[in-house]
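Asker: Let me begin by handing over the structure; questions about it come next.
The values are calculated or read from the model by the stated rules, or taken from the named source; none is laboratory data. Model, not experiment: these values are computed from the prediction. FYI the Cβ positions are ideal-geometry reconstructions off the backbone, even for glycines, and counts take in every protein chain you see. Surface accessibility is based on the protein's heavy atoms, side chains included, excluding ligands, DNA and RNA. Shrake-Rupley method; radii C 1.70, N 1.55, O 1.52, S 1.80 Å.
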Amino acid sequence: MTTGVRRRMGVEERRQQLIGVALELFARRSPDEVSIDEIAAAAGISRPLVYHYFPGKLSLYEAALKRAAEDLASRFEEPQQGSLGGRLLRVMRRFFDFVDEHGPGFSALMRGGPAVGSSATNALIDSVRQVAYEQILSHLRVTDPPARLELLIRSWISLVESTALIWLDGRRVPRAELEIQLVHDFAALAAVSAAYDEEMTALLRHMLKDEPHDGPFTDLAARLIALAS
């Protein structure tokens with residue numbers, strides 16, 4: 001008969017384990033509601049040992065939220081293949097996958113709070129917004145965006161965030177409908193900007209030129225035409 005021996009973890013391995021445990025708990029409850037004792041119990045170690053790897057509660061929360069922010073930012077990375085509408089729809093699906101998996105933690109991170117309202121965590125979410133902004137610019141192949149385009153993209157990113165937060169509160173609208181609606185919102189915002197600016201008009205034409213007959217932007221145009229008829 002053999003007896004199992006618990007393997008001793010190295011410092012970085014243990015730190016990563018604790019971060020993973022914290023994220024699992026944040027997926028079910030807000031970070032403010034999760035105690036160090038719970039994290040220690042879930043990791044199978046003592047409370048003092050948690051403080052051996054992280055100097056305080058906030059430092060562990062920040063490390064966990066940093067990993068989550070990096071994961072969220074990666075959801076905006078998309079190969080530059082196919083139509084822009086199709087790319088944005090794939091991004092929205094991955095974004096809502098994250099929101100679905102990390103609901104309470106996502107909500108707490110976006111809304112702020114005692115455990116997540118530090119300047120470090122605020123910088124984390126700003127970094128996610130910046131990654132999203134830069135990714136969309138790259139898909140539009142714009143390196144020096146005019147003011148109206150920057151306003152359009154940053155307004156849309158804020159709309160995506162607020163829509164996800166509202167959806168989490170009851171999930172009263174089917175997720176798939178919201179994903180396509182947000183892609184339609186991007187096109188609609190671009191169309192409004194194009195009505196005021198020739199440069200945005202040219203950009204909108206570029207967005208639409210490769211759109212297939214069954215793409216998200218074409219679908220929006222058909223819906224608007226049907227409303228007007």
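Asker: Positive end of the charge dipole of the chain (Lys, Arg +1 and Asp, Glu -1 on Cβ, about the Cα centre): tell me which of ILE180, MET110, ALA222 has its Cα farthest that way.
Answerer: After comparing all options, I get MET110.
Asker: Using just the helices of the chain, give the 222 nm mean residue ellipticity in deg cm²/dmol: DSSP H runs with n ≥ 4 each add -39,500 (n - 2.57), and the total is spread over all residues, rounded to 500.
Answerer: It lands at -23500 deg cm²/dmol.
Asker: With springs only between Cα atoms under 10 Å, which of ALA63, ALA123, ALA164 fluctuates most in a Gaussian network model of the chain?
Answerer: ALA123
Asker: Can I ask one more? Apply the a/c threshold of 1.5 to the C-alpha gyration tensor of the stretch 124-205 and tell me whether it is rounded, prolate or oblate.
Answerer: Details: a/c = 2.55, a/b = 1.54, b/c = 1.65.
Since a/c reaches 1.5 but b/c is at least a/b, the shape of the stretch 124-205 is classed as oblate.
Asker: Would you mind calculating the gained length between LEU140 and ASP197 on full extension (0.36 nm times residue separation, minus the Cα-Cα distance), in nm to one decimal?
Answerer: 18.8 nm
Asker: Which helices pass in the chain if a helix is a full DSSP H run, must span at least 20 angstrom along its long axis by Cα, and must have mean Kyte-Doolittle hydropathy not below 0.0?
Answerer: Membrane-span-like by this criterion, though nothing is claimed about a membrane: 11-26, 84-101, 119-140, 147-168, 175-194.
Asker: Still on this model: Do any trypsin sites (Lys or Arg not before Pro) in the stretch 168-229 lie in a loop, going by DSSP, with at most 10 other beta-carbon atoms within 10 Å of their beta carbon, and if so which? Walk me through the numbers on the way to the answer.
Answerer: Values: sites: ARG171, ARG172, ARG175, ARG205, LYS209, ARG223; in loops: ARG171, ARG172.
Taking the stretch 168-229 and a limit of 10 other Cβ atoms within 10 Å, the loop trypsin sites (Lys or Arg not before Pro) found are ARG172.
Asker: On average, how much accessible surface per residue is there in the chain, in Å², for a 1.4 Å probe, leaving out ligands, DNA and RNA?
Answerer: Values: 12470 Å² over 229 residues.
So the chain comes to 54 Å² accessible per residue, rounded to a whole number.
Asker: If you filter the stretch 1-82 for GluC sites (Glu not before Pro), then keep DSSP loop positions with at most 13 other Cβ within 10 Å, what is left?
Answerer: GLU77
Asker: May I pose another question? Tell me the carbon and sulfur percent of the accessible area for the stretch 28-186, rounded to whole percent, probe radius 1.4 Å.
Answerer: Roughly 52 percent of what the probe reaches on the stretch 28-186 is carbon or sulfur.
Asker: Let me ask something additional. Kirkwood-based Rg over Rh for the chain (C-alpha set), two decimals?
Answerer: Here the Rg-to-Rh quotient is 1.08.
Asker: Pairs of Cα atoms under 8 Å, at least six residues apart: use those to get the relative contact order of the chain, whole percent.
Answerer: Details: 198 pairs, mean separation 48.1, N = 229.
That works out to 21 percent.
Asker: Below 8 Å between Cα atoms, with a sequence gap of 6+, how large is the relative contact order for the stretch 53-115 in percent? Could you put the intermediate results ahead of the total?
Answerer: Numbers: 20 pairs, mean separation 19.6, N = 63.
Reported relative contact order: 31 percent.
Asker: Ok, one more. Determine the distance separating the Cα centre of the stretch 12-29 from the Cα centre of the stretch 162-229; give it in Å without decimals.
Answerer: 37 Å
Asker: For the stretch 1-85, what's the relative contact order in percent, using C-alpha pairs closer than 8 Å and at least 6 residues apart?
Answerer: 29 percent
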